[in-house]
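Here is the structure we will look at.
The values are calculated or read from the model by the stated rules, or taken from the named source; none is laboratory data. Since this is a predicted model, take the numbers as computed values, not measurements. Virtual Cβ from ideal backbone geometry, glycine too; neighbours counted across all protein chains shown. Ligands, DNA and RNA are excluded from the accessible area calculation, which covers all protein heavy atoms including side chains. Shrake-Rupley method; radii C 1.70, N 1.55, O 1.52, S 1.80 Å.
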Amino acid sequence: MSNVLVLNAGSSSLKYQLVNPVTSEVLADGIVEKIGEDVSRVKHEGVSVKVTRDLQIADHAEALKVVLDLYEDLGPRLSEVGVAAVGHRVVHGGPTYSAPVVINDDVVAGIEALVPLAPLHNPANVTGIRVARQMLPDVPHVAVFDTAFFSTLKPEAYTYAIDADLAKQHHIRRYGFHGTSHQYVSGKVSELLGRDDLKQVVLHLGNGASASAVKNGVAVDTSMGLTPLEGLIMGTRSGDLDPAIIFHLHRVAGMDLAELDDLLNKQSGIKGLYGDNDMRKLETDWYAGIPKAHLVMDIYRHRLTHYVGAYAAVMGGIDVLTFTAGVGENDPQLRLDMAEALSFLGFAIDREKNAPRSKEARNVSPDGHEGPQVMVVPTNEELAIAQQTVATLDGIRVDLAD
């Protein structure tokens, strides 16, 4: 039984995937959306079936029951293909969890204790874990943390310049997010280039966006901080800004904490600058020559260039720049613009290799190019969670054997 059921519980959603971590084969996956609303939607896709259903789903327990029933009715039946474990995505591991861990009651309590660090994410993760452990009690459950890959950051990279005692008391430091993606993608690049001694910058560019500096396979810096709000410009998040803007808006606009939180997390970024966080629409308007679209894209690229250059300095050089996630994988113009902006570092790009959209990992630098390489590597966080789940269980088995 080598298949792993990967679960990602959001506040009103449940994403799932049944995947073989050895062969990378996805047997079936899907999502339950709008849990708790008047009408919920379930999308389920298997090898030979694809269905969408509108149902009334009250909570995550009912959502998981619907998912298990879909596997039973539409296949593949879990009892027939076998499930070795359940892997859970958990957004914030805080200072407690620096690696995946087999879930028990103490771990659930530990994740719940970190809710103040991730009030929008960890409560849903805990709910998903509790429901899954009740409904699938006969297999081990493993928590895989978004923050774990960045636990290798040194103090100079993760420490904020605020009162040290206050920061220690409230666990305030840079944690970083999208770690599962950055770890998977940087590992894939090392595998493809046949080198473990690379200085890499990985750009995970989707509605959420983050950059990482990975040296010799180890994360040394990342753009997201205590929360996923810091860093790059995102679909609806502001990324970096002067913190005094918050005080200024409170004084002159009368905005309270809830309004400021909503502004910076849900009404800023591309949406705040352009009125819409659809990057495809922005790109279409850019091609049409609309001045506002050009300004927004210039701001977006400026922030990216800033981080790539900074991370090259942090690592003492750069061997690879890798694009991943929805925007990174599917926007050839952005990759071309970035390679041109960073040509002073030795980057170059082959327009023909860069232009096609593909689900295959590939090098889009010119053949024979001796400078730093530009890569496009589709991320696969579910596969990474499944692989880390199995590796964690195998590690425990080895320890027991010893």
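Below, the figures for the structure above:
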item	result
Subset tally (residues that are among the aliphatic types (A, V, I, L, M) and crowded, with 21+ Cβ neighbours inside 10 Å) for region 127-152	6
Residue within region 256-271 that is under 19 Å from the mean Cα position of the chain (by Cα) and of a type in the set (Val, Ile, Thr) present	yes
Residue tally, condition within 15 Å of Met234 (Cα to Cα) and either among the aliphatic types (A, V, I, L, M) or at pLDDT 95 or above (or both), over region 276-292	2
Test: residue in region 373-381 that is among the hydroxyl-bearing types (Ser, Thr, Tyr) and part of a loop (DSSP other than H, G, I, E, B)	yes
Residue selected from region 53-65 under the condition in contact with a Lys or Arg (Cβ under 9 Å, 6 or more places away or on another chain) and within 19 Å of Val126 (Cα to Cα), by the criterion least open to solvent (accessible area, probe 1.4 Å)	Ile57
Residues within region 257-286 that are under 29 Å from Pro332 (Cβ atoms), open to solvent by less than 30 Å² (accessible area, probe 1.4 Å) and either in contact with a Ser or Thr (Cβ under 7 Å, 6 or more places away or on another chain) or small (Gly, Ala, Ser) (or both), tallied	2
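Here's the yes/no breakdown for (1) in contact with a helix residue (DSSP H, G or I) (Cβ under 8 Å, 6 or more places away or on another chain); (2) aliphatic (A, V, I, L, M); (3) open to solvent by less than 40 Å² (accessible area, probe 1.4 Å):
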{"residue": "Asn330", "(1), (2), (3)": "no, no, no"}
{"residue": "Asp350", "(1), (2), (3)": "no, no, no"}
{"residue": "Met375", "(1), (2), (3)": "yes, yes, yes"}
{"residue": "Glu381", "(1), (2), (3)": "yes, no, no"}
{"residue": "Ala386", "(1), (2), (3)": "no, yes, yes"}
{"residue": "Leu393", "(1), (2), (3)": "no, yes, yes"}
